[in-house]
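One structure is given here, and the rest of the page talks about it.
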Amino acid sequence: MKKSIAIKSLLATFFILFLAAAPVLAQKPPKKAEAKIQVSGNCGMCEKRINAALDVPGVIFSSWDRVSKTATVVYKPRKISEQKLHELIAGVGHDTNKVKADTTVYSKLPGCCLYRENDNTHWD
Ligand SMILES: [Cu+2]
């Protein structure tokens with residue numbers, strides 16, 4: 001009798017552990033995700049620079065819209081984090097809604113791209 005209670009409580013313990021572990025196991029990131037990132041910039045040169053910065057393993061597609069200042073990035077969350085996408089963009093001088101570009105990098109951008117001083121979106 002005592003033995004069967006011991007077995008039952010052991011099974012109950014395993015069951016509780018399994019329930020506790022299940023949400024952790026379920027949190028594996030999806031194979032593919034889309035991020036909408038606010039990215040400051042002005043022109044076609046900015047667009048090329050932003051897309052070039054995102055041309056890394058783990059990023060499937062990227063496109064930046066000059067009017068809405070939004071980058072759409074399709075990526076593999078198992079290879080690259082959304083935070084890293086922000087860092088890559090900021091790394092070439094463009095502020096995102098999460099990461100600000102370093103002033104030294106920003107100040108080296110061509111004059112037409114200096115979005116902090118000049119917010120004019122032009123199309124050439
Ligand atoms: Cu530009």
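Considered as a group, the residues in region 92-121 that are under 16 Å from the mean Cα position of the chain (by Cα) and within 16 Å of the ligand (Cβ to nearest atom) include one that is surrounded by the most Cβ atoms within 10 Å (Cβ to Cβ), and that residue is H94.
If you go through region 82-91, how many residues are within 11 Å of the chain's Cα centre (by Cα) and within 16 Å of the ligand (Cβ to nearest atom)? Count: 1. Taken together, V56, V74 contain a single residue that is more than 11 Å from the chain's Cα centre (by Cα), at pLDDT 95 or above and of a type outside the set (F, W, Y), which is V56.
Scanning region 58-71 for residues that are hydrophobic (A, V, I, L, M, F, W, C) and either outside any strand (DSSP E or B) or surrounded by fewer than 17 Cβ atoms within 10 Å (Cβ to Cβ) (or both) yields I60, F61, V67. Tell me yes or no: at least one residue of region 21-29 is in contact with a strand residue (DSSP E or B) (Cβ under 8 Å, 6 or more places away or on another chain) and away from the ligand (no atom under 16 Å from the Cβ). No, region 21-29 contains no residue that is in contact with a strand residue (DSSP E or B) (Cβ under 8 Å, 6 or more places away or on another chain) and away from the ligand (no atom under 16 Å from the Cβ). Regarding K79, is this residue of a type outside the set (S, T, N, Q), away from the ligand (no atom under 14 Å from the Cβ) and assigned to a loop (DSSP other than H, G, I, E, B)? Answer is yes for this residue. Restricting the search to region 41-61, which residues are near the ligand (Cβ under 8 Å from one of its atoms) and either in contact (Cβ under 8 Å) with a residue 40 or more places away in the chain or in contact with a Cys (Cβ under 8 Å, 6 or more places away or on another chain) (or both)? The answer is G41, N42, C43, G44, M45, C46, R49. Taking residues in region 93-106 that are closer than 18 Å to D65 by Cα, and partners anywhere that are among the charged types (D, E, K, R) and not in a loop (DSSP other than H, G, I, E, B), the pairs with Cβ atoms closer than 8 Å and at least 6 places apart or on different chains are G93/R49; H94/R49. At pLDDT 75 or above and closer than 14 Å to K79 by Cα: which single residue out of K28, K36 fits that description? The conditions single out K28. In this structure, V74 does not satisfy being in a loop (DSSP other than H, G, I, E, B) and either in contact (Cβ under 8 Å) with a residue 24 or more places away in the chain or under 21 Å from G111 (Cα atoms) (or both).
Being modelled with pLDDT of 70 or more, within 16 Å of K69 (Cα to Cα), surrounded by 10 or more Cβ atoms within 10 Å (Cβ to Cβ) and in contact with a Gly (Cβ under 7 Å, 6 or more places away or on another chain) is the requirement here; does I50 meet it? Spelling it out, I50 is indeed modelled with pLDDT of 70 or more, within 16 Å of K69 (Cα to Cα), surrounded by 10 or more Cβ atoms within 10 Å (Cβ to Cβ) and in contact with a Gly (Cβ under 7 Å, 6 or more places away or on another chain).
Screening L19 against (1) aliphatic (A, V, I, L, M); (2) at pLDDT 95 or above; (3) more than 19 Å from the chain's Cα centre (by Cα) leaves a single unmet condition, (2).
The values are calculated or read from the model by the stated rules, or taken from the named source; none is laboratory data. In this text the structure is predicted, and so the values were computed from the model without any measurement. Counting neighbours? That spans all protein chains shown, and the Cβs are built from the backbone with ideal geometry, glycine included.
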